Amino acid sequence: MINEDVTGSDDVLLKCENLTKIYTSGLIRTKTVAGAKNVSFNIKKGEIVSLAGESGSGKSTVAKMILMLLRPTSGHIFLNGKDISLYNIRDYYRQVQAVFQDPYSAFNPFYKVDHVISRAFGLRQDNPDEDERKEIIESTFLSIGLNPSEVLGRYPHELSGGQMQRLLIGRSLLIGSQLLIADEPTSMIDASTRAGVLNLLLRLKEKEGLSVLFITHDIGQAQYVSERVLIMKEGEIVEQGSVNDVFTNPNHPYTQELLASVPSLYEKWEELT
Ligand SMILES: Nc1ncnc2c1ncn2[C@@H]1O[C@H](COP(=O)(O)OP(=O)(O)O)[C@@H](O)[C@H]1O
Ligand SMILES: [Mg+2]
């Protein structure tokens, strides 16, 4: 019974239910590590949810399970009420796209970045002709704040990290994805362009109704970009709720610790803008 609609609500886009991932390593004396333990949460349509926690807390493990790059040891993931294991993989990736820490790793260094754009058209359901493609590319670039002439025809190493992340976010827009899994998308780009990427996510949420799982070790960025936050520690979600509630009145000592180690929102704002 894995294909029934258990989300119970029309506006839930993604539902993770008791996700557990146990890693096993070593051939003779096997060692097991719980990357994620009983992780449950929802993401609504048009919502940015942050998953915050220190390095090694299991954030990427959760992201990889949602992206079908890792199979959960137990638990289920539903997209629009349907167990993701029942999706045709192309249909799934049409709806769920990702941005990772290292934007360059998502591009083949020997291809111009145009290649990524033309591949993205392959995932769309329509089949636009040459002129339509041009229009779509132009409007996508406008939305992500990039000038096509600065980017098209170039190789990945000729672009900045911030431009690359924008391009990847643009790719999901071009495909028409509903959910973006953004795993520490700003941690390898310099502070001055970081705010631009966060603001782009906020704008796409507002204008396109994009949902985002925003993963970060920086609770200040979680605060900036989302209304709801999940705090992860040692594979478990130890606290979740609205950013206001969790940050003004943290229940878990770990959340208090994370909060104590970041500058105030005001200082953060100064740094980001
Ligand atoms: N492929 C793997 N094999 C074994 N252990 C892993 C593997 N990937 C991650 N882990 C372990 O799982 C835990 C969570 O890792 P990860 O999900 O990458 O955390 P985060 O993204 O929060 O830094 C860590 O203890 C990490 O060492
Ligand atoms: Mg990680």
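The values are calculated or read from the model by the stated rules, or taken from the named source; none is laboratory data. These numbers were taken from a predicted model, which means no experiment stands behind them. Using ideal geometry, Cβ is built from the backbone for each residue, glycine included, and neighbour counts are taken over all protein chains shown. Surface areas here come from the heavy atoms of the whole protein model, side chains and all, with no ligands, DNA or RNA. Shrake-Rupley method; radii C 1.70, N 1.55, O 1.52, S 1.80 Å.
Summed over segment 143-186, residues that are in contact with a helix residue (DSSP H, G or I) (Cβ under 9 Å, 6 or more places away or on another chain), in contact (Cβ under 8 Å) with a residue 12 or more places away in the chain and in a loop (DSSP other than H, G, I, E, B) total 13.
Among the residues of segment 190-205, is any in a loop (DSSP other than H, G, I, E, B) and at pLDDT below 90? The answer is yes, given that some residue of segment 190-205 is in a loop (DSSP other than H, G, I, E, B) and at pLDDT below 90.
Selection of segment 68-104 for residues being within 18 Å of the chain's Cα centre (by Cα), over 25 Å from Ile22 (Cβ atoms) and in a strand (DSSP E or B) yields Gln97, Val99. Would you mind stating whether Tyr23 is under 22 Å from Glu184 (Cβ atoms), among the aromatic types (Phe, Trp, Tyr) and not in a strand (DSSP E or B)? Judged against the criteria, Tyr23 is not a match. Pick from segment 48-97 the residues that are near ligand 1 (Cβ under 10 Å from one of its atoms) and of a type in the set (A, V, I, L, M): which of them is surrounded by the most Cβ atoms within 10 Å (Cβ to Cβ)? Among those that are near ligand 1 (Cβ under 10 Å from one of its atoms) and of a type in the set (A, V, I, L, M), it is Val62.
For (1) under 25 Å from Ser242 (Cα atoms); (2) modelled with pLDDT of 90 or more; (3) within 16 Å of ligand 2 (Cβ to nearest atom); (4) not β-branched (Val, Ile, Thr), each residue gets a yes or a no:
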| residue | (1), (2), (3), (4) |
| --- | --- |
| Glu4 | no, no, no, yes |
| Ser40 | yes, yes, no, yes |
| Glu47 | yes, yes, no, yes |
| Ser50 | yes, yes, yes, yes |
| Ser60 | yes, yes, yes, yes |
| His76 | yes, yes, no, yes |
| Tyr87 | no, yes, no, yes |
| Pro103 | no, no, yes, yes |
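Checking every residue in segment 19-32 against the condition of being charged (D, E, K, R), within 10 Å of ligand 1 (Cβ to nearest atom) and either open to solvent by less than 10 Å² (accessible area, probe 1.4 Å) or farther than 17 Å from Gln178 by Cα (or both) gives at least one match.
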